[in-house]
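The values are calculated or read from the model by the stated rules, or taken from the named source; none is laboratory data. Everything quoted here is computed from the prediction, not taken from an experiment. Every residue, glycine among them, receives a Cβ derived from its backbone with ideal geometry; neighbour counts consider all protein chains shown.
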Amino acid sequence: MKREKFDNVWFALEANEADAINMTMRSDLMTSIEKAVGNWKLSQGEAAKRLGITRPRLNDLLRGKISKFSLDALTTLATRAGLTVKMSVKKSAMKSAA
C-alpha cells in the first residue's frame, strides 16, 4: 500500500483542491482572529461585543468550529479585529480541468 504525503491536512481531507484551499484560508483566518482576540485580554462577552457578534458565536470561533463560519464571515471578523486580510492569486502548478 502506497502512502500519500500531504503538506497541508486539508488537501488530505477534502474532496477537491478548491475545497482544500477554502478550508485552508478559513483555518488561517480563524487562527489569526483567535490570536488577536487573545491579545485583547478581555472577557468573552467584551470581545464578542467588540467583534459585533454574540458570545456563543465567539465561543464557536475560539473552539475552532470551522464549519460554522464562511470565508466571508471570517474576513469580516478579521477586519473587525483590526487585521488586514490580503489574498494572493497565481496560476496553479497543477493541470487545469479545461
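Does segment 34-44 contain at least one residue that is closer than 19 Å to residue 92 by Cβ and either of a type outside the set (A, V, I, L, M) or surrounded by 15 or more Cβ atoms within 10 Å (Cβ to Cβ) (or both)?
The answer is no; no qualifying residue exists.
Among the residues of segment 22-42, which ones are under 14 Å from residue 74 (Cα atoms) and of a type in the set (D, E, K, R)?
First, pick out the residues of segment 22-42 that are under 14 Å from residue 74 (Cα atoms): 22-37.
Within segment 22-42, 26, 28, 34, 35 meet the criteria.
Among the listed residues 84, 31, which satisfies the condition of being hydroxyl-bearing (Ser, Thr, Tyr), surrounded by fewer than 13 Cβ atoms within 10 Å (Cβ to Cβ) and assigned to a loop (DSSP other than H, G, I, E, B)?
Details: 31 fails: assigned to a loop (DSSP other than H, G, I, E, B).
The match here is 84.
Working only within segment 54-73, note down all residues that are touching an Asp or Glu at 6+ places or on another chain (Cβ under 9 Å) and crowded, with 17+ Cβ neighbours inside 10 Å.
61, 69
Here's a check for you: in segment 1-21, which residue that is exposed (fewer than 15 other Cβ atoms within 10 Å of the Cβ) and closer than 19 Å to residue 73 by Cα is modelled with the lowest pLDDT? Can you show your working first?
Initially, segment 1-21 is screened for residues exposed (fewer than 15 other Cβ atoms within 10 Å of the Cβ), giving 1-9, 12-13, 15-19.
Cutting the leftovers down to closer than 19 Å to residue 73 by Cα gives us 18-19.
Working: 18: 84, 19: 87.
Within segment 1-21, the match that is modelled with the lowest pLDDT is 18.
Which pairs turn up if I take residues in segment 16-29 that are without any contact (Cβ under 8 Å) to a residue 40 or more places away in the chain and look for partners that are surrounded by 15 or more Cβ atoms within 10 Å (Cβ to Cβ) and charged (D, E, K, R) with beta carbon separation below 6 Å, at least 6 apart in sequence or on another chain?
Here the result reads 20/14, each pair linking segment 16-29 to a residue that is surrounded by 15 or more Cβ atoms within 10 Å (Cβ to Cβ) and charged (D, E, K, R).
Quick check on my filter: what residues within segment 43-60 are in contact with a Lys or Arg (Cβ under 7 Å, 6 or more places away or on another chain) and farther than 17 Å from residue 76 by Cβ? I'd like the intermediate steps shown before the answer.
Within segment 43-60, the subset in contact with a Lys or Arg (Cβ under 7 Å, 6 or more places away or on another chain) is 44-45, 48, 51-52, 60.
Across segment 43-60, the qualifying residues are 44, 45.
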